[in-house]
Amino acid sequence: MVNEKRVDTQPSCADASDDNSLTVEQARAAIRAALSPLVDHESVPVRAGLGRVLATDCISPIDVPSHTNSAMDGYALAGAELPPAGVRDYRVSATVMAGQRSTGACASGECVRIMTGAPMPAGTDTVVMQEQVEVIGDGVVRIDARHRAGQNVRRAGEDITRGDCVFAAGRRLGAADIGVLASLGFAELRVVRRPRVAFFSTGDELRSLGETLGEGEIYDSNRYTLFAMLTESGADITDLGVVGDDPDALAAAFASAAAIADVVITSGGVSVGEADYTKRILSESGEMSFWTIAMKPGRPLTFGRLGDALFFGLPGNPVAVMLTFQQFVRPALSMLAGAGWPQRLVVPARSAKSLKKKPGRFEFVRGILQRDDDGGLSVRPSGAQGSGILTSMSRANCLILLDEACGGVDAGETVAVEPFSTLL
Ligand code: AMP
Ligand code: MG
């Protein structure tokens with residue numbers, strides 16, 4: 001018998017969107033608005049500064065270079081003494097090497113043999129490179145008219161002047177920055193304390209590495225991807241292991257995580273499954289927003305406060321964990337560390353395949369971006385896109401960003417791509 005009645009359904013991750021969901025941008029804005037940077041500083045040796053965030057402005061105590069010096073191996077002389085035409089011979093009055101003090105003044109008709117980095121002798125302002133002089137005899141060189149007064153000299157302070165603000169507070173230090181700071185003589189740096197992050201996985205089905213899998217059990221992979229992503233983000237990490245779907249154990253784990261961390265992260269237990277106690281316990285112990293985000297993968301996300309700590313309840317599915325971390329948690333950690341909310345790098349690329357999508361939610365498609373023979377960039381999906389399929393994430397070197405309005409992509413169309421780092 002066919003019944004005319006319909007099943008009364010609820011919003012689910014199979015829907016393109018539902019009216020109560022937030023857009024990705026709205027979720028980002030809400031997280032951003034709830035954050036303020038950490039105020040604690042610490043000193044670290046300059047070598048340990050890579051990836052750290054400066055807590056104070058860096059003011060240069062010296063000029064760089066500290067003295068006017070030669071940019072070439074050659075001969076230093078007064079520019080006014082260069083021949084306007086033809087050639088002129090000069091007596092080589094002295095030699096000065098890098099690290100030596102410059103010798104006495106260079107008189108008219110004389111030049112000084114000089115090495116790269118050596119201070120310019122008094123009376124000189126120009127260097128002729130050694131390949132462009134002719135050595136005439138003992139201590140005499142010949143120079144022609146092709147040279148310009150002032151050439152091949154690095155002026156004191158031309159890179160950095162004493163008193164310049166070289167880096168403002170909030171700068172995340174890269175390798176070149178470490179070199180610049182060393183060139184200024186900074187042995188120690190004042191940096192913002194690393195954000196302390198405590199995290200655990202939830203789920204009775206999870207087994208830790210080294211245990212044997214029983215029927216229906218899986219290895220806990222989220223803790224390992226989270227550990228890796230937190231390491232990349234420069235966090236100070238505490239791994240609290242696996243907590244089963246047991247309300248008392250979860251409540252105790254939330255309390256101990258919040259006591260030691262600036263940020264608490266969990267994975268799993270935020271959907272509407274029978275065993276998803278997380279929501280109930282969180283509602284009792286903190287200020288929480290339970291969001292449905294119009295994105296795929298990664299739909300449910302909990303964000304709020306647990307005591308003094310920020311809380312992110314990420315979904316359980318391994319790819320959803322990675323995406324929600326990348327899109328929401330990583331920028332939040334950057335902001336906490338004082339480096340601000342980072343701009344994402346998005347580049348256009350030609351879609352090598354057609355991509356199915358309905359308008360409504362934002363879809364992140366794991367992709368492989370490559371440079372084609374014609375020099376352009378093209379992108380294709382890296383494999384099956386189920387939110388539990390981590391191998392297609394590991395094969396991917398980018399995300400293809402299909403926004404809410406997108407209703408599918410034809411092969412050959414241009415799409416927006418967020419690269420992970422370099423191309424494979
Ligand atoms: P949940 O949100 O707890 O319902 O989990 C959604 C899916 O993600 C389920 O298939 C879980 O088995 C899986 N899952 C949850 N936590 C983990 C984890 N730590 N490692 C791997 N898979 C997980
Ligand atoms: Mg679960």
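General observations
- The stretch 292-316 - residue that is out of contact with any Gly (no Cβ under 7 Å at 6 or more places or on another chain) and among the aromatic types (Phe, Trp, Tyr) and, of those, farthest from ligand 2 (Cβ to nearest atom): PHE303
- Among the conditions (1) within 16 Å of ligand 2 (Cβ to nearest atom); (2) in a strand (DSSP E or B), the only one that SER289 does not satisfy is (1).
- Residue match in the stretch 223-240 (condition: under 21 Å from the mean Cα position of the chain (by Cα) and in a strand (DSSP E or B)): yes
- Pair list, Cβ under 7 Å, 6 or more apart: the stretch 245-256 residue assigned to a helix (DSSP H, G or I), other residue at pLDDT 90 or above and not β-branched (Val, Ile, Thr): ALA253/PHE200; ALA253/LEU240; PHE254/LEU306
- Restricting GLY123, GLY179 to those that are of a type outside the set (D, E, K, R) and in a loop (DSSP other than H, G, I, E, B) reduces the list to GLY123.
- Residue pairs meeting the criteria (Cβ under 6 Å; at least 6 apart or on separate chains; first not assigned by TED's automatic domain parsing to the domain that holds GLU404, in the stretch 347-367; second at pLDDT 95 or above and of a type in the set (D, E, K, R)): none
- Residues in the stretch 395-421 that are at pLDDT 95 or above and not in a strand (DSSP E or B): 13 in all.
- Within the stretch 295-343, considering residues that are closer than 19 Å to SER21 by Cα and charged (D, E, K, R), the one surrounded by the fewest Cβ atoms within 10 Å (Cβ to Cβ): LYS296
- Residue count for the stretch 228-243, restricted to those that are surrounded by 14 or more Cβ atoms within 10 Å (Cβ to Cβ) and either within 15 Å of ligand 1 (Cβ to nearest atom) or among the aliphatic types (A, V, I, L, M) (or both): 8
- Tallying residues that are of a type outside the set (Lys, Arg), farther than 12 Å from LEU323 by Cβ and touching a residue at least 12 places away in the same chain (Cβ under 8 Å) within the stretch 373-391 yields 10.
- Candidates THR292, THR324, THR278, filtered to the one that is among the hydroxyl-bearing types (Ser, Thr, Tyr), assigned by TED's automatic domain parsing to the domain that holds THR225 and within 11 Å of ligand 1 (Cβ to nearest atom): THR278
- Any chance GLU188 is at pLDDT below 95 and either more than 15 Å from ligand 2 (Cβ to nearest atom) or not assigned by TED's automatic domain parsing to the domain that holds ARG305 (or both): no
- Exclusive hit being more than 10 Å from ligand 1 (Cβ to nearest atom) and assigned by TED's automatic domain parsing to the domain that holds THR202, set GLY268, GLY313, GLY286: GLY286
- When GLY210, GLY185, GLY99, GLY117 are checked against the criterion of being in contact with a Lys or Arg (Cβ under 9 Å, 6 or more places away or on another chain) and not in a strand (DSSP E or B), a single residue qualifies: GLY117.
- Screening GLY412 on (1) closer than 30 Å to ASP220 by Cα; (2) of a type outside the set (S, T, N, Q); (3) surrounded by fewer than 17 Cβ atoms within 10 Å (Cβ to Cβ) shows it passes everything except condition (1).
- Number of residues in the stretch 107-118 that are surrounded by fewer than 23 Cβ atoms within 10 Å (Cβ to Cβ) and either under 13 Å from GLY74 (Cβ atoms) or not hydroxyl-bearing (Ser, Thr, Tyr) (or both): the value is 7.
- When the stretch 205-226 is filtered for residues that are within 13 Å of ligand 2 (Cβ to nearest atom) and either surrounded by 14 or more Cβ atoms within 10 Å (Cβ to Cβ) or under 30 Å from LEU54 (Cβ atoms) (or both), the ones remaining, listed by number, are GLU205, LEU206, GLU217, ASP220, ASN222.
- The residue that is modelled with the lowest pLDDT, counting only those in the stretch 40-86 that are farther than 25 Å from ARG194 by Cα and part of a strand (DSSP E or B), is VAL64.
The values are calculated or read from the model by the stated rules, or taken from the named source; none is laboratory data. Bear in mind that the values here come from a model prediction, so they are computed numbers and not experimental data. Please note: Cβ atoms are built from the backbone with ideal geometry, for glycine as well, and neighbour counts cover all protein chains shown.
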